[in-house]
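The values are calculated or read from the model by the stated rules, or taken from the named source; none is laboratory data. For clarity, every value in this text was computed on a predicted model and none was experimentally measured. Virtual Cβ from ideal backbone geometry, glycine too; neighbours counted across all protein chains shown. The protein model used for the area step is the full one, side chains on, heavy atoms only, and it has no ligands, DNA or RNA in it. Shrake-Rupley method; radii C 1.70, N 1.55, O 1.52, S 1.80 Å.
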Amino acid sequence: MHYFGYKSGELYCEEVPVKKILEDVGTPVYIYSAKTIRRHYKIFEESFSEVEHLICYSIKANSNIAIISLLRQLGSGADVVSAGELKRALKAGIPPKKIVFSGVGKSPEEIELALSVDILMFNVESIEELEVLGEVAKKIGKKAPFALRINPDVDPKTHPYISTGLKKSKFGIPEELAIDAYKRAKKNSYLQPIGIDAHIGSQITELTPFIEALNRLKKIWEELVKLGFELKYLDIGGGLGIVYDDEEPPLPEEYANAIIQGGKDLKATIILEPGRVIVGNAGILVTKVLYTKENILRKFVVVDAGMNDLIRPAFYQAYHKIIPIEDKYSDYEVVDVVGPICETSDFFAKERKLPKVQRGDFLAIMSAGAYGFVMSSNYNSRPRPPEVLVDGDTYYVIRRRETIEDLLALESIPAKYL
Ligand code: LLP
């Protein structure tokens, strides 16, 4: 569900015609709907209302500080994976005690920063990281609250690149080592075990993998309680899928019920780290048709956005719906929608039936609110697009378009080469 739709033949985001934004900031441009984000957050939040819980929005999905701020207004915490994301969360006003720090390769400097601002919890991903956490905590004289991220070895049945809870993946600590690691941590007075964590993958469209993971965590939790540990937080990660095409992911209520049922005996505070489900369908990438062309085999629509702006189709063969911003076409044709980048993988759609567009027409690439702008790059020396947030009848440019000067500003030519 989202607030993008046609009114009198024109695509609107909430009450703003998309075309109006294009006249102002040009293309390509990311456009987000505040109302959609609020709606998704509230539905998710309310689904868990009967239990103690904390939603830590996974900042990596869309880390614009305006978006984080909007979510902070609704009470969200943050799941961060780097010093950069931590600083974004803090800048957006997220209270440190609502921040969890995940990630397989936190540097000692990042750990120190997070400790110094008193975040809620570190989700520790290896035995060595646990040791470093203890050392840094000792150095600055603070106790480090942590959960171990368990690798529960369950198949989330999603794209292999976004499966994280399988034995062969780099994430988390194997179940067999977990208890021992907790026991060792208990001996270090600078380490404070307060929870247990798992995140098994992303764009998950079935409940079973979540339930399986939860059951594994529960087993370890119960064992730890027997050993005298006092745990408070059960962090089940993110991963709930959304509709890009014809997927049928569980509703937030169904997801919540499964987790609430599974975790209820533990009397834990449940931490959720949703990303995509909050922002995914709240954003679009609008692009202009530069050229149309054809060869014997294919017809191409060449647009001004490229894989550097939205890499998901190139990277994961991800499907994104594409619609025109004017609902005025009667002819359709099967085309490849491609970008200007010098790579064959620079496409947004392959052999897709689309309205017969012409040079100068505009297309909206849907469901681009999560892992869109955040994964963009400057490949081919292309400035990254602006981000615009619509709220009712108003819109705000929340990140301006980069300029070529911005790109060059960080580089220098040593005198030797002048
Ligand atoms: N928590 C942790 C520890 C994570 O690694 C992730 C995502 C999340 C939460 C949020 O997961 P979500 O609710 O958004 O599924 N770039 C890929 C997705 C990578 C997800 C990485 N981790 C894509 O475009 O599909």
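Worth pointing out:
- When residues of the stretch 160-206 are limited to those that are touching a Lys or Arg at 6+ places or on another chain (Cβ under 8 Å) and among the acidic types (D, E), the one modelled with the lowest pLDDT: E175
Yes/no per residue for (1) buried (at least 16 other Cβ atoms within 10 Å of the Cβ); (2) of a type in the set (S, T, Y); (3) at pLDDT below 95; (4) away from the ligand (no atom under 15 Å from the Cβ):
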residue	(1), (2), (3), (4)
E222	no, no, no, yes
L227	no, no, no, yes
E230	no, no, no, yes
D235	yes, no, no, no
E254	no, no, no, yes
V277	yes, no, no, no
L297	no, no, yes, yes
D309	yes, no, no, no
R312	yes, no, no, no
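- I150 open to solvent by less than 50 Å² (accessible area, probe 1.4 Å), touching a residue at least 24 places away in the same chain (Cβ under 8 Å), farther than 25 Å from E52 by Cα and within 16 Å of the ligand (Cβ to nearest atom): no
- Considering residues of the stretch 199-216 that are within 9 Å of the ligand (Cβ to nearest atom) and either on the phi > 0 side of the Ramachandran plot or among the small types (G, A, S) (or both) only, the residue surrounded by the fewest Cβ atoms within 10 Å (Cβ to Cβ): Q203
- If you check L290, L266 for being more than 16 Å from the ligand (Cβ to nearest atom), surrounded by fewer than 19 Cβ atoms within 10 Å (Cβ to Cβ) and in the same structural domain as R216 (by TED's automatic domain parsing), only one passes: L266.
- Helices (runs of 4 or more DSSP H) enclosed by the stretch 1-92 - at least 1 residues per element that are within 18 Å of the chain's Cα centre (by Cα): 34-47, 65-73, 83-91
- Residues of the stretch 155-185 satisfying the condition of being within 25 Å of L224 (Cβ to Cβ) and part of a helix (DSSP H, G or I): E175, E176, L177, A178, I179, D180, A181, Y182, K183, R184, A185
- From P383, P340, residue being away from the ligand (no atom under 16 Å from the Cβ), closer than 30 Å to T158 by Cα and either in a loop (DSSP other than H, G, I, E, B) or in contact with a Lys or Arg (Cβ under 7 Å, 6 or more places away or on another chain) (or both): P340
- Some residue of the stretch 139-147 being open to solvent by 10 Å² or more (accessible area, probe 1.4 Å), more than 16 Å from the ligand (Cβ to nearest atom) and of a type in the set (G, A, S): yes
- For first residues located in the stretch 121-133 and open to solvent by 10 Å² or more (accessible area, probe 1.4 Å), partners that are part of a helix (DSSP H, G or I) and among the hydroxyl-bearing types (S, T, Y) and lie 6+ apart or on another chain with Cβ distances below 9 Å do not occur.
- Residues in the stretch 362-418 that are open to solvent by 20 Å² or more (accessible area, probe 1.4 Å) and of a type in the set (D, E) were compared, and the one that is nearest to I67 (Cα to Cα) is D391.
- Top-ranked residue of the stretch 325-337 - restricted to ones that are more than 19 Å from D245 (Cβ to Cβ) and buried (at least 16 other Cβ atoms within 10 Å of the Cβ), ranked as nearest to the ligand (Cβ to nearest atom): I325
- Test for I322: is it surrounded by 17 or more Cβ atoms within 10 Å (Cβ to Cβ) and either over 17 Å from the mean Cα position of the chain (by Cα) or not assigned by TED's automatic domain parsing to the domain that holds F362 (or both): yes
- Flag if L285 is at pLDDT 95 or above and either open to solvent by less than 10 Å² (accessible area, probe 1.4 Å) or within 16 Å of the ligand (Cβ to nearest atom) (or both): yes
- Filtered by the rule that a residue be among the hydrophobic types (A, V, I, L, M, F, W, C) and either within 16 Å of the ligand (Cβ to nearest atom) or surrounded by fewer than 21 Cβ atoms within 10 Å (Cβ to Cβ) (or both), the stretch 183-198 gives I194, I196, A198.
- I271 being at pLDDT 95 or above, within 16 Å of the ligand (Cβ to nearest atom), within 25 Å of A34 (Cα to Cα) and surrounded by 19 or more Cβ atoms within 10 Å (Cβ to Cβ): yes
- Members of the stretch 232-253 found to be of a type outside the set (A, V, I, L, M, F, W, C) and either in contact with a strand residue (DSSP E or B) (Cβ under 8 Å, 6 or more places away or on another chain) or outside any loop (DSSP other than H, G, I, E, B) (or both), listed by number: K232, Y233, D235, G237, G238, G239, G241, P249, P250, P252, E253
- Residues of the stretch 276-328 satisfying the condition of being in a helix (DSSP H, G or I) and not aromatic (F, W, Y): R276, V277, I278, V279, G280, N281, A282, R312, P313, A314
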